[in-house]
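Colleague: Mind having a look at this structure? Questions to follow.
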Amino acid sequence: MTNPTPRPLSVLAVPAFKDNYLWLIHDGVHAAVIDPGDAAPVIAALAAHHLTLTAILLTHHHADHIGGVPSLLAHASGSAAIAVYGPRAEAIATVTVPLDDGDLVDVPGLALALRVLSVPGHTLGHIAFLREQAAGHWLFCGDTLFAGGCGRLFEGTPAQMRASLARFLVLPSDTAVYCAHEYTLANLRFAAAAEPDNELIAERIAAETAKRARGVPTLPSTIGLEKATNPFLRDEQPGIVANLLALGKLDPHAPPGAAFAALRTWKNTF
Ligand code: ZN
Ligand code: FE
C-alpha cells in the first residue's frame, strides 16, 4: 500500500500583541503553531481555516512566545494530546518534547520535518527550526534573526549571537525566513545608518514601506535578502567597518568580530 500524496503545506502569519507573528503551518486539515504567545488569535485562525492543531513548537522561553500554550492545550483537550516541542536548555513548564541541537522533529499531523538549530544569544537556550526539504527551505528563527536586524542580547554575548547568525549564513539563499516580530522598517532605518553606501538597503526600505502601507507583513524574508541588507550579517563588510570607525563607534585596534558588538550596542540606543 502506498502512502497518500501529502497535502502541500502553507504558512499563515497570525498577528498578535503589538508586533508579534505567530506562524501557523498547515496542510488544509492539520496545523502546527510556532511560538503562540497568545491563544485567542491562534484559535480564531484555526476556526477560520477549519484546521485542527496537532503540534506546538517553541523557540525560547519569553512570555510573548509561550504565553498561549496552556490555553491552546485546554482548548484542544478531548482530542489527542498535543506535543509541545521546545529547547531542553530552557525551563518551559509546558514543553513535553525537549529538543537539542541537530534533532529532527517529525511534526505530528503534517508531512513536515524540522531540524533543530541551537542559536544562543537572545536567550541562552534559543533554538530555531529549519525545513530542509527541497519543496521549500523555511527557517523559523524566533527572536534571533529579524528582517534587517537581530534580537537583543538579553542572556548571551555578542560572540554567541554572531556564531548563531553564522549558522544561517550558510543556508540556501532562497530559504524563507519567518521571524517572530514585525520590526523590519525600524531595523532598516538602522541598517541605512550603519551602511549608508548600500543602495540595496534604500531599495528595500521602499519595498517594505509599500507592504506596510498595504497592511501586509514584510515577512517572510529570505536569507539572500538578509545577506544583502542586514548589517548584523554584514558586520565585516569594509563599508560598515569604515563607517563605525568614522563615527567613533569602533576602536581601530579592536580584535576581529568587534564590529558586531559595536553594531549591537549602537542599535540598542538608535
Ligand atoms: Zn524573545
Ligand atoms: Fe519576542
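The values are calculated or read from the model by the stated rules, or taken from the named source; none is laboratory data. These figures come from a predicted structure and were not determined experimentally. Glycine gets a Cβ as well: all are built from the backbone with ideal geometry, and neighbour counts include every protein chain shown. Keep in mind that these areas ignore ligands, DNA and RNA; they rest on the heavy atoms of the full protein, side chains included. Shrake-Rupley method; radii C 1.70, N 1.55, O 1.52, S 1.80 Å.
Colleague: Report for the chain the percent antiparallel among DSSP-assigned beta bridges with both residues inside it, nearest 5. Please report the intermediate quantities before stating the final value.
Modeller: Details: 26 of 42 bridges.
Antiparallel bridges make up about 60 percent of those DSSP assigns within the chain.
Colleague: Would you kindly calculate the translational diffusion coefficient of the chain, applying Stokes-Einstein with the Kirkwood radius from alpha carbon pairs, for 20 °C and a viscosity of 1.002 mPa s, and quote it in µm² s⁻¹ without decimals? Don't skip to the answer; put the middle values down first.
Modeller: Values: Rh = 19.2 Å.
This corresponds to a translational diffusion coefficient of 112 µm²/s.
Colleague: Further, regarding this structure: Taking all protein chains together and a probe of 1.4 Å, list Leu233, Leu104 from the most accessible to the least accessible.
Modeller: Values: Leu233 25, Leu104 95 Å².
The ordering from most to least exposed comes out as Leu104, Leu233.
Colleague: Now for a different question. For the range 23-64, what is the convex hull (Cα atoms) projected area averaged across all directions, in square nanometres?
Modeller: So the Cα hull casts an average projection of 2.7 nm².
Colleague: If packing is taken as the mean number of other Cβ atoms within 10 Å per residue, what is the order of 221-228, 47-54, highest first?
Modeller: Values: 221-228: 19.0, 47-54: 15.2.
Listed from highest to lowest mean packing, they are 221-228, 47-54.
Colleague: With the alpha-carbon atoms as the only input, what is the per residue convex hull volume for the range 48-176 in Å³?
Modeller: Working: hull volume 16.3 nm³, N = 129.
That works out to 127 Å³ per residue.
Colleague: 222 nm [θ] for the chain, helices only, -39500 (n - 2.57) per DSSP H run of 4+, per residue, to 500?
Modeller: Details: 9 runs with 86 residues, N = 270.
The helix-only estimate for the chain comes to -9000 deg cm²/dmol at 222 nm.
Colleague: Carbon and sulfur: what percent of the chain's accessible surface (1.4 Å probe)?
Modeller: On the way: 6920 of 11820 Å².
Its accessible area is 59 percent carbon and sulfur atoms.
Colleague: With a point put 7 Å past each Cα toward its Cβ, work out how far Glu236 is from Asp100 in nm, to one decimal.
Modeller: Spacing of the two 7 Å Cα→Cβ label points: 3.0 nm.
Colleague: How big is the gap, in Å, between the Cα center of the range 112-157 and the Cα center of the range 65-100?
Modeller: If we compute the Cα centre of each part, the gap is 18 Å.
Colleague: Okay, moving on. Less than 13 Å Cβ to Cβ from Val84, Lys/Arg counted +1 and Asp/Glu -1: what total charge do the surrounding residues give?
Modeller: Local net charge: -1.
Colleague: Under unit Cβ charges (Lys, Arg +1; Asp, Glu -1), what dipole magnitude, rounded to 20 debye, does the chain have relative to its Cα centre? Walk me through the numbers before you get to the answer.
Modeller: Numbers: 18 positive and 24 negative charges, 63 e Å.
In total the dipole reaches around 300 debye.
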